[in-house]
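Student: One structure, pasted below without further comment.
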Number of protein chains: 2
Amino acid sequence: MSNEHEYGYFTEENSAEVVVARNKNAGDERLKQVMEVITRKLHEAVKEIEPTQEEWFAAIMFLTETGQMCNEWRQEYILLSDILGVSMLVDAINNRKPSGASESTVLGPFHVDDAPELPMGADICLDRKGEPMFVHGRILDTEGHPIAGAKIDVWQANDEGFYDVQQKGLQPDFNLRGVFRTGEDGRYWFRGVKPKYYPIPDDGPVGKLLGALGRHPNRPAHLHYIISADGFDALTTHIFDPDDPYINSDAVFGVKKSLLAEFRKVEDAEAAAAVDVEAPFYDVAFDFVLSHAKPK
Amino acid sequence: MSNEHEYGYFTEENSAEVVVARNKNAGDERLKQVMEVITRKLHEAVKEIEPTQEEWFAAIMFLTETGQMCNEWRQEYILLSDILGVSMLVDAINNRKPSGASESTVLGPFHVDDAPELPMGADICLDRKGEPMFVHGRILDTEGHPIAGAKIDVWQANDEGFYDVQQKGLQPDFNLRGVFRTGEDGRYWFRGVKPKYYPIPDDGPVGKLLGALGRHPNRPAHLHYIISADGFDALTTHIFDPDDPYINSDAVFGVKKSLLAEFRKVEDAEAAAAVDVEAPFYDVAFDFVLSHAKPK
């Protein structure tokens, strides 16, 4: 007979149990498990909130409009996941690192797959706009040994807070992107410009929600990295400018204490000439530690 | 200083607290409270599910497509709310009735505001298709007294499971809809056709989810009522055919035990003539009890 008989008909008290029982014939065990948790937590939330019919409908319309804001260039549901800390939580769950390894943070929407491989030391800033920056450090394993042949994929916003893909025609293609590969010493170095904070797109339902919650849409200035090497877990992360006005209130919760770099201002012309930039410039030293890949 | 300092930066452990703390300047206290519960339950769900990045993205795409399925005629997010039991839960929370009053169930999407007021006894079936049905009963208060002047707004699907608004041109306008008003005895009676079960729209993401969960999309046969009278809480409800094949597995969880009616088949020609229908017909007797409105 019907599964409903196990619990009787739907009531306020047994609501989640009745709904979950209905899924007993789900073909996929994982889907069944996921929907069991979602149903239980959703019903707990509704019971705690006790929405009016009008509030329920406002939620329906918010979810609808968030979907309808999405197109080929805009993913409003990812933004919603970001500002609710869900994207960072999923990242944390999927990237638990052994002690000593560098921490991950969100990929973000501005990575491109085909950035050019450049000689170590290259200037990724193709339009010479902004304050010069020299970034350098080492790629190490958890025992402190340098990793040779590590691939470093780096990208950043310009000094106005925009990525090249957001300003096609205004910035050169592949501006502020590059792929580098370490030698035997595990060292990397390249030149760029000091990045600036920028807002996530806030002209949709998610931006409206942020406003209603008294929150700003800004992400503090950062550089993106994906670092990979044979035998190691790939690391997707940022480094952040600790002096950014939004360093303690990243709209998407991407900041971790271990990812704060120092953007050290250097006025000395000789030091600048030594790394082929003009003074004053910002010197950013940051080492990354990769975790050994688990044997498969 | 930044609110983040209260909890430090985002970690897997403190994730919900960090996000909730960020909303401290929300202008609307209710929104702040709602988002606090939603954030907490959402993070609990993610921590219990531990989605992979691929599963997270599948969820993002499901939510996106559900929004994009919505248009002037289709509200896929309400369907999602329905099949997860959320619509019924919100209905239950907003319609807690005193002992003895009739129970409510969901409004559904097929009510129209301007159905014609008809004389008691009228046949709401304008195209004579289907098996005749005679519906009758009383509108009572919780002390058992008849309510005079109660407005009874009734609507139903036809014997193929479609409402008039779903079959414009195929069914007459206002087919199987009517508004009646009780006299001093609180009695109501009208003629219609025996309704049939029907599927909720299942050609979108929600229908796909139902299929993956091993669930059918059908609602058991029912008649819709909104009953209102001065001094009483309005009642939005259905009555159901207990012999329907889907009575124990309503796709939207609308069935309540107290809303099961008896659809009694009557073969007797004289009994049929007495209520101005042809034999055989279905006799459906059902009393509704309204709760007294709370003084404002």
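Student: Could you say whether any residue in the stretch B:37-44 is more than 7 Å from chain A (Cβ to nearest Cβ), more than 22 Å from B:ARG215 (Cβ to Cβ) and surrounded by fewer than 17 Cβ atoms within 10 Å (Cβ to Cβ)?
Tutor: Checked against the condition, which is being more than 7 Å from chain A (Cβ to nearest Cβ), more than 22 Å from B:ARG215 (Cβ to Cβ) and surrounded by fewer than 17 Cβ atoms within 10 Å (Cβ to Cβ), the stretch B:37-44 yields no hits at all.
Student: Among the residues that make up the stretch A:238-255, is at least one of them in contact (Cβ under 8 Å) with a residue 60 or more places away in the chain, of a type in the set (Phe, Trp, Tyr) and touching a Ser or Thr at 6+ places or on another chain (Cβ under 9 Å)?
Tutor: Yes, because at least one residue in the stretch A:238-255 is in contact (Cβ under 8 Å) with a residue 60 or more places away in the chain, of a type in the set (Phe, Trp, Tyr) and touching a Ser or Thr at 6+ places or on another chain (Cβ under 9 Å).
Student: Follow-up. Does B:LYS208 satisfy being farther than 23 Å from B:ASN94 by Cβ and either of a type in the set (A, V, I, L, M) or surrounded by fewer than 17 Cβ atoms within 10 Å (Cβ to Cβ) (or both)?
Tutor: It is true that B:LYS208 is farther than 23 Å from B:ASN94 by Cβ and either of a type in the set (A, V, I, L, M) or surrounded by fewer than 17 Cβ atoms within 10 Å (Cβ to Cβ) (or both).
Student: Let me ask something additional. So which of B:GLU65, B:GLU48, B:GLU72, B:GLU54 is among the acidic types (Asp, Glu), surrounded by fewer than 20 Cβ atoms within 10 Å (Cβ to Cβ), within 28 Å of B:VAL19 (Cα to Cα) and more than 8 Å from chain A (Cβ to nearest Cβ)?
Tutor: Only one candidate qualifies: B:GLU54.
Student: Also, I was wondering about something else. Filter the stretch A:237-258 down to residues that are within 21 Å of A:GLY186 (Cβ to Cβ) and out of contact with any Asp or Glu (no Cβ under 6 Å at 6 or more places or on another chain), then give me how many there are.
Tutor: Count: 3.
Student: Of the conditions (1) within 30 Å of the chain's Cα centre (by Cα); (2) closer than 30 Å to A:ARG30 by Cα; (3) more than 7 Å from chain A (Cβ to nearest Cβ); (4) polar (S, T, N, Q), B:ASN14 satisfies every one except a single condition; which number is it?
Tutor: If we test B:ASN14 against (1) within 30 Å of the chain's Cα centre (by Cα); (2) closer than 30 Å to A:ARG30 by Cα; (3) more than 7 Å from chain A (Cβ to nearest Cβ); (4) polar (S, T, N, Q), just (1) comes out false.
Student: Can you tell me which of (1) facing chain A (nearest Cβ under 7 Å); (2) surrounded by 15 or more Cβ atoms within 10 Å (Cβ to Cβ); (3) among the hydroxyl-bearing types (Ser, Thr, Tyr) is the one B:SER102 doesn't meet?
Tutor: For B:SER102, the failing item is (1).
Student: Identify all residues within the stretch A:260-282 that are more than 30 Å from B:ALA21 (Cα to Cα) and either within 14 Å of chain B (Cβ to nearest Cβ) or in a loop (DSSP other than H, G, I, E, B) (or both); write none if there are none.
Tutor: Listed by number, the residues that qualify are A:GLU267, A:ASP268, A:VAL275, A:ASP276, A:VAL277, A:GLU278, A:ALA279, A:PRO280.
Student: Out of the stretch B:6-27, which residues are buried (at least 16 other Cβ atoms within 10 Å of the Cβ) and either touching a Gly at 6+ places or on another chain (Cβ under 6 Å) or not assigned by TED's automatic domain parsing to the domain that holds B:ALA45 (or both)?
Tutor: Of everything in the stretch B:6-27, those that are buried (at least 16 other Cβ atoms within 10 Å of the Cβ) and either touching a Gly at 6+ places or on another chain (Cβ under 6 Å) or not assigned by TED's automatic domain parsing to the domain that holds B:ALA45 (or both) turn out to be B:SER15, B:VAL19, B:ALA26.
Student: Being in the same structural domain as B:GLU160 (by TED's automatic domain parsing) and over 19 Å from B:ASP159 (Cβ atoms) is true for just one of B:LEU223, B:LEU210. Which residue is that?
Tutor: B:LEU210
Student: Can I ask one more? Which pairs do you get when a residue that is of a type in the set (Gly, Ala, Ser), found in the stretch A:192-205, comes within reach of a residue that is at pLDDT 95 or above and in a loop (DSSP other than H, G, I, E, B), reach meaning Cβ atoms under 8 angstrom, with the pair 6+ apart or on two chains?
Tutor: Cβ pairs passing all conditions: A:GLY192/A:ILE124; A:GLY192/A:CYS125; A:GLY192/A:LEU176; A:GLY204/A:MET69.
Student: For the stretch B:57-74, give me each residue that is modelled with pLDDT under 95 and either under 16 Å from the mean Cα position of the chain (by Cα) or among the aromatic types (Phe, Trp, Tyr) (or both).
Tutor: B:TRP73, B:ARG74
Student: Another question, if that's okay. Given the criteria farther than 28 Å from A:ILE78 by Cα, part of a strand (DSSP E or B) and within 22 Å of the chain's Cα centre (by Cα), does A:ILE139 qualify?
Tutor: So A:ILE139 fits the description; yes.
Student: Additional query: Limited to the stretch A:237-252, what total is found for residues that are buried (at least 20 other Cβ atoms within 10 Å of the Cβ), closer than 24 Å to A:LEU290 by Cα and not hydrophobic (A, V, I, L, M, F, W, C)?
Tutor: Qualifying residue count for the region: 3.
Rundown of residues vs (1) in a strand (DSSP E or B); (2) hydrophobic (A, V, I, L, M, F, W, C); (3) assigned by TED's automatic domain parsing to the domain that holds B:ASP233, yes/no style:
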site	(1), (2), (3)
B:MET120	no, yes, yes
B:ASP127	no, no, yes
B:PHE134	yes, yes, yes
B:GLY144	no, no, yes
B:TRP155	yes, yes, yes
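Student: Would a scan of the stretch B:241-259 turn up a residue that is in contact with a helix residue (DSSP H, G or I) (Cβ under 9 Å, 6 or more places away or on another chain), under 22 Å from B:TRP155 (Cα atoms) and in a strand (DSSP E or B)?
Tutor: No - not one qualifying residue is present in the stretch B:241-259.
Student: For residues that are of a type in the set (D, E, K, R) and in contact (Cβ under 8 Å) with a residue 12 or more places away in the chain, scanning just the stretch B:75-108, find the one that is nearest to A:ALA16 (Cα to Cα).
Tutor: For the stretch B:75-108, the residue satisfying everything is B:ASP82.
Student: Would you be able to tell me the number of residues in the stretch B:174-210 that are assigned to a loop (DSSP other than H, G, I, E, B), out of contact with any Pro (no Cβ under 7 Å at 6 or more places or on another chain) and β-branched (Val, Ile, Thr)?
Tutor: Looking only at that region, the number is 1.
The values are calculated or read from the model by the stated rules, or taken from the named source; none is laboratory data. Being a predicted model, the structure only gives us computed values, none of them experimental. All Cβ positions, even for glycine, are placed from backbone atoms using ideal geometry, and neighbour counts span all protein chains on display.
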